[in-house]
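I have placed the structure first, in the form of structure tokens, so that the comments after it can refer back to it.
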Amino acid sequence: MGVVDASASRLRRWLRTASGSSGGSWSPAAAAVTGLLSRAVTPRWMARTAAAAVAAWVFVSTQPFPLYWAAWVATGGPAETPRNFTHGCAPRMGRAAGGGARLAYVVPLIPGQVPRLAATLPSWGDPATAPCAAAVVAAEATAVGVDPPTTVDAEVPTVDLVFFTDGPRWAPADQAAVVAALPAAARGCFRRLRFLGAGLSPDASVNRHTIYPLTGMVGTGGSNAQFREAVGVSALRGVGRQGVLAAGAATDAALGGDADVGAGENEAAMKAAAVAGAAAAVATVAGTKADVAAAVGVSSGALLAAAYDVAFYGEPDTWPLRPHWLPALQATADRLVRSGGWVVGSPMRYAPKFLAGWEPARSAYARHINGNALYRLGDPCFAAFLDAVADAYGDAAFDVAMNLYLSGLAAARFWQDTAWRFGYTDVVAHLSLTTFDDAASLRERLPDTYLVHGKARLVQPGQWGFLKY
């Protein structure tokens with residue numbers, strides 16, 4: 001009790017001074033109150049107050065359900081869901097054959113993470129973790145020292161692999177390092193490779209890691225900005241879905257792609273695409289294709305939204321657990337589009353971490369969908385939702401903030417109208433810093449998981465590969 005006794009003594013001295021007993025100049029009423037408090041403050045009172053505060057932090061919610069229910073009855077409930085969350089959304093049909101989703105595997109990173117990516121990509125050439133059947137056959141042939149077959153009865157590549165840096169464009173040396181690290185067997189699983197940039201300034205791409213005490217969330221402004229650019233938030237807010245698809249499709253065509261505005265989009269969007277296409281063609285004469293998007297004022301997010309319906313957002317520390325993971329992602333993307341979803345991904349698949357926030361922040365964190373997930377592209381409703389999340393929580397990590405935004409009772413109506421757009425999947429598992437020394441045991445524990453996100457790395461049996469980065 002020594003610390004408590006000393007604290008109580010200091011507080012009593014301050015209260016006596018404030019009450020005027022040591023020369024203070026407060027009003028008589030204030031002096032009477034502070035004098036009473038100075039006599040009430042004891043070490044026992046201090047200890048009980050501290051214990052009550054800790055108990056409240058552990059057990060008390062800042063949004064108790066009875067008060068929420070009473071407020072709904074008395075006032076008619078929380079605010080209505082904004083109309084732009086629910087109206088004018090992307091259609092429940094992709095632009096691939098049969099209404100399936102055009103999928104891009106998007107790898108977001110900064111230049112400093114190129115070595116991390118170069119260490120991860122070789123696993124894509126292992127027969128046990130190759131992206132598709134053709135890669136498995138090619139890797140197996142290479143392993144026994146024979147030439148891989150020139151044709152394989154397997155999937156026709158439909159997925160693009162997009163390496164997405166934070167700045168305006170890739171440094172040639174970094175791009176060359178990534179290309180060299182990607183196994184030839186895995187390269188054949190993808191229709192094409194793309195190297196795009198988010199166009200962020202050095203200051204905008206920084207994660208400041210500010211800790212917010214009430215929610216326990218961490219500030220990751222740079223990662224947030226890169227993600228928002230990837231899903232085209234600002235572009236969709238500015239010109240809407242049709243404008244984004246039109247401008248992005250024209251730019252994609254100028255870069256050698258085959259995006260279109262899709263079935264059901266109106267004639268005005270087609271005309272806008274033609275105009276943007278002409279501008280892109282002129283820009284190409286004066287510069288390289290890599291500069292076309294900037295020349296016609298088209299963001300990478302618009303280009304991605306025009307070329308693809310869904311992006312799997314896989315950071316460099318996302319790595320494969322078993323083979324044929326690309327068809328598994330494609331099937332999940334198809335279901336996402338047809339269900340009208342916005343996000344599907346993994347919850348935390350590991351022991352909980354301590355979080356010093358108040359409820360409902362702690363529960364929202366425990367149940368959030370990790371950011372390495374599949375996202376609907378080109379949906380203005382999702383863009384409006386992400387804008388609202390950013391307005392509410394600033395630079396707090398976007399994946400946790402999305403769930404927290406829907407977890408508060410004040411946003412109950414938002415949750416009722418949008419919760420069905422978020423889903424969990426076991427195709428990818430978020431393991432964070434979980435470590436293990438045997439891939440077979442993890443495959444046994446996660447029988448339907450193809451990709452794992454986490455800082456721990458698969459290594460040779462009998463070794464530990466944790467905290468590599």
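The values are calculated or read from the model by the stated rules, or taken from the named source; none is laboratory data. Predicted model only: the values in this text are computed from it and were never measured. Note that we place each Cβ from the backbone using ideal geometry, even for glycine, and neighbour counts take in every protein chain shown. Side chains included, ligands, DNA and RNA excluded: accessible areas come from the protein's heavy atoms. Shrake-Rupley method; radii C 1.70, N 1.55, O 1.52, S 1.80 Å.
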Write down the Kirkwood hydrodynamic radius of segment 344-444, to one decimal in angstroms, obtained as one divided by the mean of 1/r over all alpha carbon pairs. 14.9 Å
Net charge over other residues, Cβ less than 11 angstrom from the Cβ of ARG349 (K, R count +1; D, E count -1): 0
Förster radius 22 Å - calculated FRET efficiency between ARG338 and TYR424 (Cβ-Cβ, nearest 0.05): 0.80
Taking the Cα atoms of segment 334-385, report the difference between the largest and smallest coordinate on each principal axis, in whole Å and largest first. 36, 24, 15
Using protein chains only and a probe of 1.4 angstrom, how many square angstrom of THR75 are accessible, to the nearest 10? 100 Å²
Hey, can you grab everything whose amide H is under 5 Å from the amide H of VAL452? Only 5+ residues off in sequence or another chain; H modelled, so Pro and N-termini drop out. TRP319, LEU321, ALA429
Using mean Cβ contacts within 10 Å as the protection proxy, how do 124-131, 408-415, 215-222 order, highest first? 124-131, 215-222, 408-415
Find the centroid of the Cα atoms in segment 166-187 and in segment 372-406, then give the distance between the two in whole Å. 29 Å
